[in-house]
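Rule-based calculations on the coordinates, nothing more; no lab input. As the structure is a computational prediction, the values presented were derived from the model and not from experiment. Because the Cβ atoms are built from the backbone with ideal geometry, glycine has one as well, and the counts that use them run over all protein chains shown.
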Amino acid sequence: MKTLLLLIAGFFLILFILSKLGEGGKKAALYLVLITVAFIMLFPFYEMFVMSTLKTNEIYSFPPRLWFGSNLMKNFENMNKSVNLLRAFQNSCTVTISYVVLALLFCSMGGYAFSIYDFPGKKALFRILLATMMVPATAGMIPWYIMMSKIGWISDRTPAGFLALIIPGCANAFGVFWMRQYCQNNVPKSLMEAARIDGCSEWTIFFRIIAPILLPAYASLGIMNFVNQWNEFTQALLVLKRQKFYTLPLLLKTMVGDRGTDYGALMLASTCAVLPLLIFFLCASKYFMSGLTAGAIKE
Amino acid sequence: MEVKQVDKTAGSVRTPKKKSLGRILYENRVAYAYIAPFYILFLVFNLFPMVFGFALSFFRWDGLSDMHFIGVQNYGNLLKDPLFWKALQNTLFIGIIAHIPILLGGLVLAYILNTRLVRGENIFKTIYFMPMVTSAVAVTVIFSSMFGYNYGVINYFLSLFGEPPINWLGGDGSLIKVAVIVMFSWKWIGWNMVIYLAGMQGISNDIYEAASIDGATHVDVVFKILIPLLKPIILFTLIQSTIGMFNLFTEPFVLTGNSWTGGTNNGALTLMIYLLNKAPQGGNLYGYASAVAYVITLMIILISTCLNKVTEEKDPGAGKGGRIR
């Protein structure tokens, strides 16, 4: 432990000395901090990629291998022998995409109504909506499970468990609230007056005129819901009872629990589970960040 | 819909007549139809379970046979169960220690990027944020190999400095919390950083300039300007990660090889694992589990309220960032 503490002390000493060396030194110190943290953030991903190309005995070797091996294809075969990754991928897609589509529809409808229409009880209903955000979902977790099993959404014969993951959470208070804020700032009332005079029905106005305006909000909220649902584990563990219907996180968990699992195959499966979202994130990081940090900062 | 418009204006002229509920609903049917999905789903899948859960916490029920009313016995048993205290202790320990790097690291990194002395803000932000989009199970799989005893990268790194290997995940089970803390911080630091940075960038440059003209040092700027102004945002992140702390389940569960008891000596037993092990996984103690869930909820609300109180103490005008929850 002593050497480790010395190491950390040394790091701060270097920072301190650098910061005393004028403007250039200060910059170097800042970059040193940023790059060290970036290294810590990236290293686990790198390790995962490396290990998915190694043989199991290479993974268990000391000193650990830090460069890519040549066992990728073999790991791929082993993985396909033990689990059906493609099916889990399809399950994940089914659950996540249905969830996101419904969530966006319901949240934008609610948010739109709260920002545009005047109706009796609007204030009280909105206050209820805000209050629901304060109560942690943990309170209803056990009855939620009982309910799911009583209405037959926990089943080992049909993929009804998907419904348990999709339906209960798809209209969330935060989404409605967020959409309302966005509508208030971005939907001009005059536009709808004009559309009404042209004889558009209320539903046409919403789907033809309002929805396109809401696209940026859809992107952020959609990504937030997508990421959360794609990585959802606890609920899926409770309601999906058969490997055939497992989503990706559950499939990985099964491989962890199974003593016979080939470690290289497990790493490759992890890579496959993480990579699609990661690539998507790197392409649209701006939307991801605004979506996943939504709620902290008012626009 | 035109009918509604006409009716409304007419209604406002000859006001006093009270309308029936059915008429109100009919006239505003479009608006109500738009908000209905949320309220219906909330009633059925959130409010009902919550109320039912509260009632259930006073019963003994295995999910199949008749329910027995037993008063507060569930709560009493809960407080007497040493395993519950162990779980609470573990959860709080992990949460509190992990908040140090998350809070400080997040603030420091955001501050560095905000000085505009360095370039590549977006690249760094993107890198720090990557863990947030990664499946917790996959993350745990990677870290469990990095924390490996005989082959892990971390022990290898330590051995470079002459340290003997540490049995992180085995041994007496006490060090497994360290691994969970590392994973928890690794995941949340970027999220906090991005939020703090957005908050800092929302603060007008004039304030910094005025401060530097008045001869304020960096330390002054941080403690007297930045932190007070960022208070609502820091509060938001704290409440979020407190909720995250009490819901901590995936990492310790997968790290201990899918153990429902938290591994050796219950070293990684968190409240969430404890709860789900009472019911529906493991035991079928639905009443007891409901009591556990309510105790967890109560603690979340209690901590959030305390945090709110602490930050509201001074300067009510600091709400520039705004918060929702």
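If you take the alpha carbon radius of gyration of segment A:209-279 and divide it by 2.2 N^0.38 Å, what ratio comes out, to two decimals?
1.45
Once you have the Kirkwood Rh of segment A:1-95 from its Cα pairs, apply Stokes-Einstein at 25 °C and 0.890 mPa s and quote D in µm²/s.
Numbers: Rh = 17.3 Å.
Stokes-Einstein gives a translational diffusion coefficient of 142 µm²/s.
Distance between the C-alpha centers of segment A:70-112 and segment A:114-193? Whole Å please.
Answer, in whole Å: 23.
Considering every residue in B:158-170, what mean count of other chain Cβ atoms within 10 Å of its Cβ is obtained? Walk me through the intermediate numbers first.
Numbers: counts 4, 2, 3, 5, 2, 4, 0, 1, 1, 0, 0, 0, 0.
Across B:158-170, the average partner-chain Cβ count within 10 Å equals 2.
Straight-line reach from residue A:244: which aspartates and glutamates have Cα under 13 Å away, leaving out those fewer than 8 places along the same chain?
Straight-line reach from residue A:244, under 13 Å: A:156.
Could you put A:77, A:47 in order, starting from the residue whose Cβ has the fewest other Cβ atoms within 10 Å? Don't skip to the answer; put the middle values down first.
Working: A:77 11, A:47 21.
Arranged by neighbour count, lowest to highest, A:77, A:47 become A:77, A:47.
Can you give me the long-range amide H partners of residue B:59? Hydrogens built in the peptide plane at 1.01 Å from N, cutoff under 5 Å, separation of 5 or more residues or another chain.
B:70
What FRET efficiency comes out for the pair residue A:13/residue B:149, r = Cβ-Cβ distance, R0 = 25 Å, nearest 0.05?
FRET efficiency, residue A:13 to residue B:149: 0.20.
If you line up the long axis of helix A:22-51 against the longest principal axis of chain A, both from Cα atoms, how many degrees apart are they, to the nearest 10?
90 degrees
Subtracting the Cα-Cα distance from 0.36 nm times the residue separation, let me have the gained length for residue B:104 to residue B:33 in nm, one decimal. Write down the numbers at each step before the final one.
Details: separation 71, 0.36 × 71 = 25.56 nm, distance 4.63 nm.
Full-extension gain reported as 20.9 nm.
Decide, for the protein assembly as shown, between rounded, prolate and oblate: order the square roots of the alpha carbon gyration tensor eigenvalues as a ≥ b ≥ c, take rounded if a/c falls under 1.5, and otherwise choose prolate if a/b is larger than b/c, else oblate.
Details: a/c = 1.67, a/b = 1.25, b/c = 1.34.
Since a/c reaches 1.5 but b/c is at least a/b, the shape of the protein assembly as shown is classed as oblate.
Take the alpha-carbon centre of segment A:28-45, take the same for segment B:261-311, and report the distance between them in whole Å.
Using only Cα atoms, the two centres lie 35 Å from each other.
From the mean inverse distance of alpha carbon pairs (Kirkwood) and the Cα radius of gyration, derive Rg over Rh for chain B.
Numbers: Rg = 26.0 Å, Rh = 23.9 Å.
Looking at chain B, the ratio lands at 1.08.
If I build a Gaussian network model for chain B, linking alpha-carbon pairs within less than 10 angstrom, which residue out of B:60, B:29, B:116 has the largest mean-square fluctuation?
Greatest mean-square fluctuation among the candidates belongs to B:29.
Give the separation of the Cα centroids, segment B:121-141 to segment B:68-120, in Å.
So the separation of the two Cα centres works out to 20 Å.
Say R0 is 51 Å: what FRET efficiency, to the nearest 0.05, do residue B:284 and residue B:212 get from their beta-carbon distance? List each step's numbers first, then the result.
Values: r = 65 Å, r/R0 = 1.27.
That pair, residue B:284 with residue B:212, gives E of 0.20.
Describe numerically, in nm with one decimal, the distance between label points set 7 Å from Cα along Cα→Cβ at residue A:211 and at residue A:32.
5.6 nm
Rounded to the nearest 10 degrees, what's the angle between the helix A:122-134 long axis and the longest principal axis of chain A, both from Cα atoms, 0 to 90?
Long axis of A:122-134 versus the principal axis of chain A: about 20 degrees.
Once you order the gyration tensor axes a ≥ b ≥ c over the Cα atoms, which shape class does segment B:171-259 get: rounded for a/c under 1.5, otherwise prolate or oblate by comparing a/b with b/c? Before the final figure, lay out the partial values.
Details: a/c = 4.06, a/b = 2.84, b/c = 1.43.
Because a/c hits 1.5 or more and a/b exceeds b/c, segment B:171-259 counts as prolate.
Taking the C-alpha atoms of segment A:189-232, how large are the radius of gyration and the largest Cα-Cα span, Dmax, in Å?
14.7, 46
Using alpha-carbon pairs under 8 Å, 6+ residues apart, how would you state the relative contact order of chain A in percent? Present the calculation step by step, with values, prior to reporting the outcome.
On the way: 274 pairs, mean separation 82.7, N = 299.
Taking the mean separation of contacting Cα pairs over the length of chain A, I get 28 percent.
For chain A, what does -39500 (n - 2.57) per DSSP helix run (n ≥ 4), summed and divided by total residues, give at 222 nm, in deg cm²/dmol to the nearest 500?
Values: 15 runs with 208 residues, N = 299.
Only helices count here, giving -22500 deg cm²/dmol.
For chain B, return all DSSP H helices satisfying: extent of Cα atoms along own axis at least 20 Å; mean Kyte-Doolittle hydropathy at least 1.0.
B:82-100, B:176-201, B:227-246, B:286-312
Quote the FRET efficiency, to the nearest 0.05, computed for residue A:127 versus residue A:73 with a Förster distance R0 of 51 Å and r equal to the Cβ-Cβ distance. Present the calculation step by step, with values, prior to reporting the outcome.
Values: r = 59 Å, r/R0 = 1.16.
Rounded to the nearest 0.05, the efficiency is 0.30.
Would you list B:185, A:201 from fewest to most Cβ contacts within 10 Å? List each step's numbers first, then the result.
Values: B:185 22, A:201 13.
The most exposed by this proxy come first: A:201, B:185.
Compute the Cα gyration tensor for chain A, then decide on rounded, prolate or oblate, letting a ≥ b ≥ c be the square roots of its eigenvalues: rounded whenever a/c is under 1.5, prolate when a/b is larger than b/c in the other cases, and oblate in all that remain.
Working: a/c = 2.32, a/b = 1.36, b/c = 1.71.
Because a/c hits 1.5 or more and a/b fails to exceed b/c, chain A counts as oblate.
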